[in-house]
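K.L.:
A single structure is presented below for examination.
The values are calculated or read from the model by the stated rules, or taken from the named source; none is laboratory data. Keep in mind it's a predicted model, so treat the numbers as computed, not measured. Because the Cβ atoms are built from the backbone with ideal geometry, glycine has one as well, and the counts that use them run over all protein chains shown. Heads up: the accessible areas ignore ligands, DNA and RNA and are worked out on the full protein's heavy atoms, side chains in. Shrake-Rupley method; radii C 1.70, N 1.55, O 1.52, S 1.80 Å.
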Amino acid sequence: MSNKAILRLHNIRRSFTQGGKKLEVLRGCDLSVARGEKLALIGPSGSGKSTLLQIAGLLERPDEGDILIGNHKAGKLDDKGRTSLRLSRIGFVYQFHHLLPEFSARENIMLPQLIAGTSARAAKTRADKLLNLIQLRDRTDHRPAQLSGGEQQRIAIARALANKPMLLIADEPTGNLDPQTAAYVFSCLQDLVAAQELGLLMATHNYDLAARMDRTIHLQDGVLVEG
């Protein structure tokens, strides 16, 4: 595993106003993820895990703090710059697969590539390669309604990797699956991260899965605690 960080967050602060009162969700969070590293983020519901992931993925701006994606200082980028960096460098997996129901498994994986300007032929080749990696080549032309929950989530993972990101951000990616399917999908995710040499930042409530990651950090009272 390379020691070079592909994600750095420094002194991230984020607050919201609720009922006229200021609620500090993130109070100076620092973290880094290296290429090939798997980092688990744990914390109770409402602790701010999703907010931290949204900031790390450039989907939300912090009130204060710096964000580096590879060599790019992302915190001060305008919306166009953030969108471009997000499309080319970051993949996202959520608890619900969010596959487009009218498209096949292959087409769902092709779509983010086509949006990024990849040719249809190259996008199809990449989609088929990923379908092979997740062992769903025989589901190429199936639509989401024809797939099991575990299959749908594996397609969602493949879609997240379609544009060859350096960082994968996952928010409870197995939270909607039964334990056996969750373990299988997580193993698939681990294999893909290793094969693609990605960094993985994953929020989870599953301590068994967190124990299989390289590091674990806890979000407690707005700050990050390692271990």
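K.L.:
May I ask you to verify whether Leu87 is surrounded by fewer than 22 Cβ atoms within 10 Å (Cβ to Cβ), under 16 Å from Arg159 (Cβ atoms), of a type outside the set (Gly, Ala, Ser) and in contact (Cβ under 8 Å) with a residue 60 or more places away in the chain? Walk me through how you get there before you give the answer.
P.N.:
On the way: surrounded by fewer than 22 Cβ atoms within 10 Å (Cβ to Cβ): yes; under 16 Å from Arg159 (Cβ atoms): yes; of a type outside the set (Gly, Ala, Ser): yes; in contact (Cβ under 8 Å) with a residue 60 or more places away in the chain: yes.
So Leu87 fits the description; yes.
K.L.:
Which of the strands (runs of 3 or more DSSP E) contained wholly in segment 1-112 include at least 2 residues that are of a type in the set (D, E, K, R) and farther than 22 Å from Leu189 by Cα? Outline the logic, then answer.
P.N.:
On the way: elements: 5-18, 21-34, 38-42, 64-69, 90-93.
So the answer is 5-18, 21-34, 64-69.
K.L.:
What are the residue pairs meeting all of these: first residue in segment 189-200, first residue closer than 16 Å to Asn163 by Cα and open to solvent by less than 40 Å² (accessible area, probe 1.4 Å), second residue hydroxyl-bearing (Ser, Thr, Tyr) and not in a helix (DSSP H, G or I), Cβ atoms under 7 Å, and 6 or more apart or on different chains?
P.N.:
Correct list of pairs: empty, since none qualify.
K.L.:
Name the residues in segment 113-133 that are in contact with a Leu (Cβ under 7 Å, 6 or more places away or on another chain) and either crowded, with 19+ Cβ neighbours inside 10 Å or of a type in the set (Lys, Arg) (or both), would you?
P.N.:
Ala123, Leu130
K.L.:
Could I ask something else about it? Among the numbered criteria (1) open to solvent by less than 10 Å² (accessible area, probe 1.4 Å); (2) over 16 Å from Gly91 (Cβ atoms); (3) without any contact (Cβ under 8 Å) to a residue 40 or more places away in the chain; (4) within 16 Å of the chain's Cα centre (by Cα), which single criterion is violated by Thr140?
P.N.:
Unmet for Thr140, out of (1) open to solvent by less than 10 Å² (accessible area, probe 1.4 Å); (2) over 16 Å from Gly91 (Cβ atoms); (3) without any contact (Cβ under 8 Å) to a residue 40 or more places away in the chain; (4) within 16 Å of the chain's Cα centre (by Cα): (4).
K.L.:
Scan Gly19, Gly75, Gly28, Gly65 and give me the residue that is at positive phi and modelled with pLDDT under 90. Steps first, answer last, please.
P.N.:
Details: Gly75 fails: at positive phi; Gly28 fails: modelled with pLDDT under 90; Gly65 fails: modelled with pLDDT under 90.
Testing whether each residue is at positive phi and modelled with pLDDT under 90 leaves just Gly19.
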